[in-house]
Amino acid sequence: MIKRLLIALTLAAVLIQVRFEAAAPVRYRFSFPEPQHRWMQVEATFPELGPAPLELRMSRSSPGRYSLHDFAKNVYDVHAYGADGLEIPTSRPDAYGWTVGRHGETVTVRYKVYGDRVDGTYLAVDTTHAHINMPAAVMWARGLDDRAATVVFDPPAGTRWQVATQLHAGSTAFEFTAPNLQYLMDSPAEFGPVVIRQFSVGARTFRFAAHHTGTDGELDGLVRDVEKIVRQEGAVYGEYPDFEPGHYTFLADYLPYANSDGMEHRNSTVMTSAGSIGRSRAELLDTVAHEFFHAWNVERIRPRDLEPFDLDGANTSGALWLAEGFTQYYGPLVLHRAGLGDTRSTAGRLADLVEAVSVNPGRLIRSAEEMSRMAPFTDGGQPVDRTNWSISVTSYYPLGGAIALALDLTLRERSNGQVSLDDFMRAMWRRFGKPGGAREGYVDRPYSMADAEATLAEVGGDPAFARDFFARYIQGYDVADYARLLGRAGFVLRSVRTGAAWLGDLRIDTRNGAARVATLVASTWPIYATGVDQDDEIQQMGGDRIRSIDDVNAVLRRHKPGDRIEMVFVSRGGAPKAASIALGEDPRRDVVPIEAAGGMLTPAQKSFRDAWLGPK
């Protein structure tokens, strides 16, 4: 009896699941009655509903972003209707949602949403185009996550706009589909006079859809370089992902009023810039190199704490040093391998990474994991209230990039060039990314921190090495010996200002004739021991009256590291104080090829450098 009951329940569950998956899709229609006023009309129809209240939500976050953006703030004029066309009352349970109580089988909701920001997160509407990031535009319903969706774009009268998106093609040029909510919200769209270029690498198709102010010739040249990047990044992993719509799409808005941004998505990326192809080519290609690498790293090789993405809250992960930071490292590396960067410029990018861990004081306060978990606060920009982030936070982008640099060079050194970071990324891809997901847009095997360490142990052939590396550089606060590691490739880590006296990276504001400290003072600066901090007034230094930063620099030029000078300052709300400072040496370092530093590249260094930076 029990066995027959279990069988009956199982069959019932299967039938319910089949019926649920076969339910009619949610249908969205985007129209633009007055694009000159920067708003879009949205009509959303939810069919085949049960008797429970319909809980409608606007997302609080956006795939690829980790902080809150609260898109409901731009939604207004909301009305719900039944299948008979009669309006149904709605209520507001909180600031981010609307609830439709008593309703029939179908509910249609109409609302307006304002948008005037061209970037990877928000919505932008004007007479030239509609740049649509779905979380900023789409109202969704709780409990319908697995429903398919259909999206129809209505072009404004008199326009010849077309749609570029990773959404699946529908029955017309203006209709598209998504298999579920996660995929829909991860699918931005550019609707306007886009120009599309296409190329193939093996069996994979890549589309570059641009809305820009340049010439066709400039776009053609840019896309040729994009193809070089795509080929080199494919070589890192040995293959490309299976792009579900049959292609990967670069969505580029290079417009004077765009904000500089790049945002990865599963089968596409958004890249926006106020720069043009003619003026900002290097910057634009750098964004391409970073964002396309995410097609593997983070979109499919995905941290466990980001899967699935939470649309209703901030998304926190301790692995952004790997997901974002390692991608940051591969950007300039791939540009060099593709022949789009020279040795000197690549060395300058490496110097930025080294400085993030060797100079920035935040590295001594928070580990790479802890810095990653700061993303919900730092990803949205500086808050209204004062923080001490300038001395306590290092961005997980350069921090993770510096860790990647150290790991890459260490693996190459330990294995005599037989193992590299490329091998680690390929192993992560095989174990966690390539298996894919049972549902489109999901990842079935996201990784944990222990998984990443175990993969390093496998690739390096030494669990003790992997355990030590994670303990020191991921969970700990150690800094790798970059001078030695870079030296193997014929790069020199040298002082930017050898012998220059330094008291810290002070900024001084001159107000009403008084010189006030305009930045927080880090514990690693010589001046920290005096007690001086933000908003304090510096009156004298080394016997000189101080009125500006120029006066401070004049005093420093007369001294060398190790000298002790006297100063007088006034703390906020206090009386003048006298203190003594032992000056240090400027800790900033530059990375330069040994040839540019007056040395000679040895055959061993050249071989190491070519294996690292050469094309694959």
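The values are calculated or read from the model by the stated rules, or taken from the named source; none is laboratory data. Quantities reported herein were computed from a predicted structural model and do not represent experimental measurements. In this analysis, Cβ positions are derived from the backbone assuming ideal geometry, glycine residues included, and neighbour counts consider all displayed protein chains. Areas reflect the complete protein model, heavy atoms only, side chains present, ligands, DNA and RNA absent. Shrake-Rupley method; radii C 1.70, N 1.55, O 1.52, S 1.80 Å.
Listing for the model above:
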{"read-out": "Within region 395-415, considering residues that are open to solvent by 20 Å² or more (accessible area, probe 1.4 Å) and free of Cβ contacts under 8 Å to residues at least 60 places away in the same chain, the one nearest to L322 (Cα to Cα)", "value": "S395"}
{"read-out": "Unmet requirement for A582, which otherwise passes all of (1) in contact (Cβ under 8 Å) with a residue 60 or more places away in the chain; (2) under 30 Å from R484 (Cα atoms); (3) hydrophobic (A, V, I, L, M, F, W, C)", "value": "(1)"}
{"read-out": "Lone unmet requirement of (1) acidic (D, E); (2) open to solvent by less than 10 Å² (accessible area, probe 1.4 Å); (3) assigned to a helix (DSSP H, G or I) for D305", "value": "(2)"}
{"read-out": "Residues (in a loop (DSSP other than H, G, I, E, B) and open to solvent by less than 10 Å² (accessible area, probe 1.4 Å)) located in region 124-138", "value": "H129, N133, A137, V138"}
{"read-out": "Selected residue (only one of F293, F243 is at negative phi and crowded, with 24+ Cβ neighbours inside 10 Å)", "value": "F293"}
{"read-out": "Matching residues in region 356-394 - criterion: being hydroxyl-bearing (S, T, Y) and buried (at least 22 other Cβ atoms within 10 Å of the Cβ)", "value": "S372, T394"}
{"read-out": "Options R431, R439; residue that is within 27 Å of G234 (Cβ to Cβ), assigned to a loop (DSSP other than H, G, I, E, B), basic (K, R) and out of contact with any Pro (no Cβ under 6 Å at 6 or more places or on another chain)", "value": "R439"}
{"read-out": "Any hit, region 247-257, residues being farther than 26 Å from A141 by Cα, open to solvent by less than 10 Å² (accessible area, probe 1.4 Å) and touching a Lys or Arg at 6+ places or on another chain (Cβ under 6 Å)", "value": "yes"}
{"read-out": "The listed residue being open to solvent by 30 Å² or more (accessible area, probe 1.4 Å), among the hydroxyl-bearing types (S, T, Y) and closer than 30 Å to Y396 by Cα, out of Y66, Y81, Y96, Y114", "value": "Y96"}
{"read-out": "Residue pairs meeting the criteria (Cβ under 8 Å; at least 6 apart or on separate chains; first more than 24 Å from H131 (Cβ to Cβ) and open to solvent by 60 Å² or more (accessible area, probe 1.4 Å), in region 33-59; second in a strand (DSSP E or B) and of a type outside the set (F, W, Y))", "value": "P53/T99; P53/V100; E55/P93; E55/G97; E55/T99; E55/A141"}
{"read-out": "D220, sole failed condition from (1) open to solvent by 10 Å² or more (accessible area, probe 1.4 Å); (2) more than 19 Å from P376 (Cα to Cα); (3) touching a Phe, Trp or Tyr at 6+ places or on another chain (Cβ under 8 Å)", "value": "(3)"}
{"read-out": "Pick from region 264-284, criterion aliphatic (A, V, I, L, M) and open to solvent by less than 10 Å² (accessible area, probe 1.4 Å), ranking: farthest from the chain's Cα centre (by Cα)", "value": "I277"}
{"read-out": "Failed item in (1) of a type in the set (A, V, I, L, M); (2) crowded, with 17+ Cβ neighbours inside 10 Å; (3) closer than 29 Å to E369 by Cα, with A235 passing the rest", "value": "(2)"}
